[in-house]
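These notes are about the structure you will find just below.
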Amino acid sequence: MSDITRHGTVLLTWLVAWPVVTVLVRLIDPLLADVGLPVRTLILTAILVPVMSNVAMPAVTALVELLNIRARGARKRKHENTTAAEPARQVERRLCQLSVIRLPTNGSSR
């Protein structure tokens, strides 16, 4: 995630962690209703941390990198098209300028 800022990384991590925590709480809470809160959170985090670090974040990181590569390619193609088309645009502008200028037909100047 080299192109993402630190704040973007924090936001992305939270966006991934929130649904994972929600699903884990939904699945685990009914099973551990009689267990105290410290034990429930211990079990929840024992599952959450490996899932986040080994499954969820690598998948999201790969997706972000893929999107960045595609975005960079699109920007590069757009820049190449602009660069390649620039001489043609200059010629077109010059032709338009010449057609606007009316040259005297009899050779005399105004």
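So the values come out like this:
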| quantity | calculated |
| --- | --- |
| Failed criterion for T22 (all others in (1) modelled with pLDDT of 90 or more; (2) open to solvent by 60 Å² or more (accessible area, probe 1.4 Å); (3) touching a Leu at 6+ places or on another chain (Cβ under 8 Å) hold) | (3) |
| Candidate set: region 33-66, residues that are at pLDDT 90 or above and outside any helix (DSSP H, G or I); chosen: the one most open to solvent (accessible area, probe 1.4 Å) | D34 |
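The values are calculated or read from the model by the stated rules, or taken from the named source; none is laboratory data. None of these values were measured; they are calculated from a predicted model. Neighbour counts run over all protein chains shown; Cβ positions are idealised from the backbone, glycine included. Just the protein is used for accessible areas: all its heavy atoms, side chains included, with ligands, DNA and RNA removed. Shrake-Rupley method; radii C 1.70, N 1.55, O 1.52, S 1.80 Å.
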